[in-house]
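Below is one structure, written out as structure tokens, with a few remarks after it.
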Amino acid sequence: MIKVAVVGLGKMGLSHHSIINAHPDVKVVAVCDTAKYALDVLEKYTGIGVYTDFDTLLQQETLDAIVIATPSSSHGPMVRAALESNLHVFCEKPFCLDVDEGKQLAQLAQAKGLVNQVGYHFRFDAAYQEAKRLLDVGAIGEVTHILAEAYGPVILQPKGATWRTRRSEGGGCLYDYAAHPLNLINWYFGLPESVSGTVLNQIFSQETEDEVYGTLHFSRGKSAQISVNWSDESFRRMTTRLNIWGTGGRIYVDRQECQVYIRDSGSVPSGYEPGWNVRYTTELTPEVWFYVRGEEYSSQLDYFVRCIKEGRKENVNSFASAVETDQVMAMMITDSEQGRRVGEYTPVVRAESVIKRWLHRLFGKR
């Protein structure tokens, strides 16, 4: 049995705890959080170790792996301590608010041969997986443009700040919402060469943005537009979707379905035909042993466990892949703060020059 501890018992931490605690190859032996009530309940009804201090947990428990679901700003120090304790690590998204820190942790995990994964769960959603498979076989030819969107009702009125709405703690709408479509774009197409036209706009929040817009530029003229708003009450829950245009057709994908239009002149994969095709998540998704929130949440944790059992060195959601998304978000922050005005020329922000400027702007005065 793989002995696991769960750190952070908020919405995602409790979800991860319930899923991985039911895994046939896992035993959750401890939890850590600052909320005394949650710890008291778990201690009373489960008998597992409960801790309010992360370092004490690491010192007193014998573990194989750890699941970290704490506020974003704490990810870096906790991940480092876990890796230095030779533990496999699953960390909630976003990975790190500091790109350099993320790179160092990815290198440390690789050097130690430890399984490392970040919770970008859409990579385990069957509809998004099918879209990637179709792109990889060239079903819509050469991709020319992507529209990546995410909307939801998170911040709907002015109110006191929480860790999630402080840029220095959670990263705001960019790191909480836009990270998901950006990570999918990285998965499908890699890192952009540059970004431009970034808008990080406040609607209700006092310390961070509530909407994110911008353009990513890739080689051969390919571009991706980002449109994200977590203050959109017209959506009952978070909705993420991608439209992808190519020379041979178009793909529309969200977590429910993958719609594909293939031109007569296109490369038609087995099981598809020219014109419109639809594949639903329900028909694409394999059964999971335990369901909370969505099959993709169970699938990502099962993948983490299997990587540990099988000693895999590569991981589809590794720290290194998550750093790419962190880097794109850092580029967008820098681009948004260049003070673009109508009639002025400001060059696009390129990946190789972003990190130092981003760190200064992120932690300095706004």
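The values are calculated or read from the model by the stated rules, or taken from the named source; none is laboratory data. All figures in this text were calculated on a predicted structure; none of them were measured in a lab. Every residue, glycine among them, receives a Cβ derived from its backbone with ideal geometry; neighbour counts consider all protein chains shown. Note: accessible area is taken over every heavy atom of the protein model, side chains too, but ligands, DNA and RNA are not part of it. Shrake-Rupley method; radii C 1.70, N 1.55, O 1.52, S 1.80 Å.
Values as computed for the structure displayed
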{"item": "Top of Thr240, Thr334, Thr62 by mean-square fluctuation, Gaussian network on the chain, Cα under 10 Å", "result": "Thr62"}
{"item": "With Cα atoms, 0 to 90° folded angle of helix 126-136 axis to the chain main axis", "result": "50"}
{"item": "Cleavage-rule hits (trypsin sites (Lys or Arg not before Pro)) in region 110-164: DSSP loop, at most 14 neighbouring Cβ within 10 angstrom", "result": "Lys159"}
{"item": "Among 135-143, 178-186, the order from most to least packed when residues are scored by Cβ within 10 Å on average", "result": "178-186, 135-143"}
{"item": "Calculated FRET efficiency for the pair Gln206/Thr34, C-beta based, R₀ 22 Å, to 0.05", "result": "0.40"}
{"item": "Accessible area per residue, Å², the chain with all protein chains present, probe 1.4 Å", "result": "44"}
{"item": "Between helix 99-112 and the chain: long-axis angle, C-alpha atoms, 0 to 90°, nearest 10", "result": "60"}
{"item": "Taking region 1-110 and dividing mean pair separation by its residue count, relative contact order in percent (alpha carbons under 8 Å, at least six apart)", "result": "26"}
{"item": "Out-of-range pairs (alpha-carbon distance over 30 Å; input Lys93/Lys132; Lys132/Lys159; Lys159/Lys222)", "result": "Lys132/Lys159; Lys159/Lys222"}
{"item": "Within the accessible area of the chain (1.4 Å probe), percent carbon and sulfur", "result": "47"}
{"item": "Relative contact order [Cα under 8 Å, 6+ residues apart], the chain, whole percent", "result": "19"}
{"item": "Helix axis angle, 179-189 relative to the chain longest principal axis, alpha carbon, degrees", "result": "60"}
{"item": "Förster-model FRET efficiency, 41 Å R0, Thr62 and Gln107, C-beta, rounded to 0.05", "result": "0.95"}
{"item": "Neighbourhood charge, 12 Å Cβ-Cβ cut-off, centred on Pro269 and excluding it, Lys, Arg +1 and Asp, Glu -1", "result": "-1"}
{"item": "Charge dipole (debye, nearest 20) of the chain; +1 at Cβ of Lys and Arg, -1 at Cβ of Asp and Glu", "result": "420"}
{"item": "Computed [θ] at 222 nm, helices only, for the chain once each DSSP H run of length n ≥ 4 contributes -39500 (n - 2.57)", "result": "-10000 deg cm²/dmol"}
